[in-house]
1. How many residues, within segment 328-337, are open to solvent by 60 Å² or more (accessible area, probe 1.4 Å) and either free of Cβ contacts under 8 Å to residues at least 12 places away in the same chain or not in a helix (DSSP H, G or I) (or both)?
2. Checking the structure you have, find out if any residue of segment 125-146 is in contact with a Gly (Cβ under 9 Å, 6 or more places away or on another chain), at pLDDT 95 or above and more than 20 Å from N11 (Cβ to Cβ).
3. List every residue pair whose Cβ atoms lie under 8 Å apart, where the two residues are 6 or more positions apart in sequence or sit on different chains, the first residue falls within segment 90-102 and is under 22 Å from R112 (Cα atoms), and the second residue, located anywhere, is of a type in the set (A, V, I, L, M, F, W, C) and at pLDDT 95 or above.
4. Give E230, E221, E159 a once-over and let me know the one that is under 23 Å from W388 (Cβ atoms) and not small (G, A, S).
5. Restricting the search to segment 24-40, which residues are on the phi < 0 side of the Ramachandran plot, surrounded by 12 or more Cβ atoms within 10 Å (Cβ to Cβ) and in a loop (DSSP other than H, G, I, E, B)?
6. Going by what's in this entry, would Y270 be described as open to solvent by 70 Å² or more (accessible area, probe 1.4 Å) and among the hydroxyl-bearing types (S, T, Y)?
7. Out of all the residues in segment 295-327, which are among the β-branched types (V, I, T) and in a loop (DSSP other than H, G, I, E, B)?
8. What residue, of K86, K109, is of a type in the set (D, E, K, R) and over 30 Å from T56 (Cα atoms)?
Amino acid sequence: MSTPLPRLRLNLDFMPSPSPEHPGLFIRDPYRYSDAMLIIPPVLVECLQCFDGRQTDLDLRAALVRLTNSLEVGDLEQHLLETLSKAGFLEDQTFEQMQEERRREFAEKPVREPAHAGSAYPEDPAELRETMARYMEGEPAAIAGGNLFGIAAPHVSPEGGWQSYRAAYSRLKPEYAGRTFVILATSHYGEPESFGLTRKNYRTPMGDARTDQRLVNQLAERGGAGIRMEDFCHSFEHTVELQVIFLQHMLGPDVKILPILCGSFARSLYQGGDPEDDDKVKAFFDALGELREREGDNLFWVLGVDMAHMGARYQDQFAAIAGEGVMSQVEVRDEERIASINRCDAAGFWDLVRENHDDLKWCGSAPFYTFLKTAPQARGELLHYEQWNIDERSVVSFAGMAFSKP
């Protein structure tokens, strides 16, 4: 009797092995349900196709016999199956238990622990303060007064995008320290048409940024079915965390925040219509708009957003070089979208995003659109635009922007 094989999880990261000594396919879990990292040898990579939810152990055995030219594949078959299962890479009971346990652990934690200290930025507090001072050095201090109520900054690695971070965060003035910073950030792994909230304080090496639980509770009560409360994505997503360290550097470690992870608006992008045609999205927009009207100048808006993602890493059939070739055309299109944002033209911005199902792959489009639909009428200003080769064949674009009341 044959036994159906469990499906290989489709939400894993797959990439060529980074180790020349160990060639093959490198697999890891971006959701961090599992800490395992595997390299599947080249001869076995084809066998992963057997884990599609339809094929059986007999199909896997036949593939192994063909690939190894040996009939003695029983041990290899069992080893491959057990290795993938123990790693949490198959849709089986092992993964379900792992997923449930990790989500429970996050829900029970008193704070949101730093996930990227020691990788995206220094873990040592003194070293982090020194690094942040270096990033911000040379930018003139913000001028008192004015109608500034929001900024947009990247969520790319600060070492790659520090000039855009600096352009945006240098606009913050000490007088803003008492406000709640509404952080609208990209949710790379959250459900589409959803918004992830948490009541947990955000801890970094500088201290604990306080999450405004009163405002979280108001959104949770009024925001409808699109809200994911204590969204597990907060535990590992970098897009809020990187804004927090800049806020803490500029205004003190106990800065008050309202962290919101914005899932993509995939339905509108691929099926047409506006994002708010989805009842879940509309309910959240309404709730956030009510909160904005009620709180007024007690809020300051921060967008944690990158823009275009082009090149080999992002499934394009070309190598991308910042500022050259295709990326020169991307800059023109990026600037067109930025101009619509600066005009507070939500409909015009979304029309541009929807072209070719967003072939520029702006991962910040949902936070930008959410901001345009719920924040006060804004006059935007582009402070700094960049393209950065995240690897030799792939480019990310991003910017520092400021928003003022007209």
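The values are calculated or read from the model by the stated rules, or taken from the named source; none is laboratory data. Here the structure is a predicted model, which is why all the values come from computation and not from measurement. Positions of Cβ are backbone-derived with ideal geometry, glycine not excepted, and every protein chain shown enters the neighbour counts. Accessible surface areas use protein heavy atoms only, side chains included; no ligands, DNA or RNA. Shrake-Rupley method; radii C 1.70, N 1.55, O 1.52, S 1.80 Å.
1. Number of matching residues: 2.
2. yes
3. R102/F232
4. Testing whether each residue is under 23 Å from W388 (Cβ atoms) and not small (G, A, S) leaves just E159.
5. Hits for segment 24-40 are D29, P30, Y31, Y33, S34, A36.
6. So Y270 fits the description; yes.
7. Scanning segment 295-327 gives V305, I321.
8. Values: K86 fails: over 30 Å from T56 (Cα atoms).
Matching residue, one of K86, K109: K109.
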